[in-house]
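The values are calculated or read from the model by the stated rules, or taken from the named source; none is laboratory data. What you see is a predicted model, and the numbers here were worked out from it, not measured in a lab. All Cβ positions, glycine included, derive from the backbone under ideal geometry; neighbour counts span all protein chains shown.
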């Protein structure tokens with residue numbers, strides 16, 4: 001499959017004279033092979049993100065969804081397709097700031113294995129993980145993936161589930177952790 005994908009990429013890069021129909025047919029054929037290799041959970045996440053993108057890709061922001069978000073909100077997002085070691089698909093995330101119809105978001109998880117590895121839980125914790133505990137409105141304690149923070153279109157918001165006050169000590173510590181991971185060498 002990899003050889004076929006590289007061939008198709010090269011055709012697109014060179015802007016060969018393929019018809020729209022050929023481009024679409026080749027892509028769908030390779031994508032179907034890709035989907036067939038996924039397990040049930042991966043397939044479900046892939047398809048959910050695909051459907052969300054189909055529905056939302058023309059939305060300017062969450063306003064089109066009649067959702068209003070603000071810094072401190074913990075939302076359920078569709079981060080979309082991702083590579084290994086990137087937050088992708090459907091996850092909760094903490095909104096740090098909003099600017100020009102985008103939100104700067106820190107993805108999060110409630111997986112126990114990850115919770116125990118956070119920088120503020122263990123002396124040997126990982127600097128890219130920040131434990132925030134159980135926030136009202138969520139069912140489990142959570143940890144932030146500080147190194148996956150990024151701006152996203154607010155149309156990726158599926159729901160607003162909780163809020164962490166931006167004037168709280170916890171929010172200030174999270175911003176410091178973000179600064180350390182992003183800007184300190």
Checking residue 70 against (1) surrounded by 14 or more Cβ atoms within 10 Å (Cβ to Cβ); (2) within 21 Å of residue 144 (Cβ to Cβ); (3) outside the structural domain of residue 7 (by TED's automatic domain parsing); (4) modelled with pLDDT of 90 or more, the condition it does not meet: (1)
Sole miss for residue 83 among (1) assigned by TED's automatic domain parsing to the domain that holds residue 136; (2) more than 12 Å from the chain's Cα centre (by Cα); (3) free of Cβ contacts under 8 Å to residues at least 60 places away in the same chain is condition (2)
In contact with a helix residue (DSSP H, G or I) (Cβ under 8 Å, 6 or more places away or on another chain) and under 24 Å from residue 49 (Cα atoms) - does that describe any residue in region 129-139? no
Apart from one, (1) in contact with a helix residue (DSSP H, G or I) (Cβ under 9 Å, 6 or more places away or on another chain); (2) within 17 Å of residue 72 (Cα to Cα) all hold for residue 151; the odd one out is (1)
Give the residues of region 115-165 that are under 21 Å from residue 101 (Cβ atoms) and part of a loop (DSSP other than H, G, I, E, B), sorted by residue number. 149
Taking the stated definitions as given, is residue 174 buried (at least 19 other Cβ atoms within 10 Å of the Cβ), in the same structural domain as residue 71 (by TED's automatic domain parsing) and not in a strand (DSSP E or B)? yes
So how many residues does region 110-127 have that are surrounded by 19 or more Cβ atoms within 10 Å (Cβ to Cβ) and touching a helix residue (DSSP H, G or I) at 6+ places or on another chain (Cβ under 8 Å)? 1
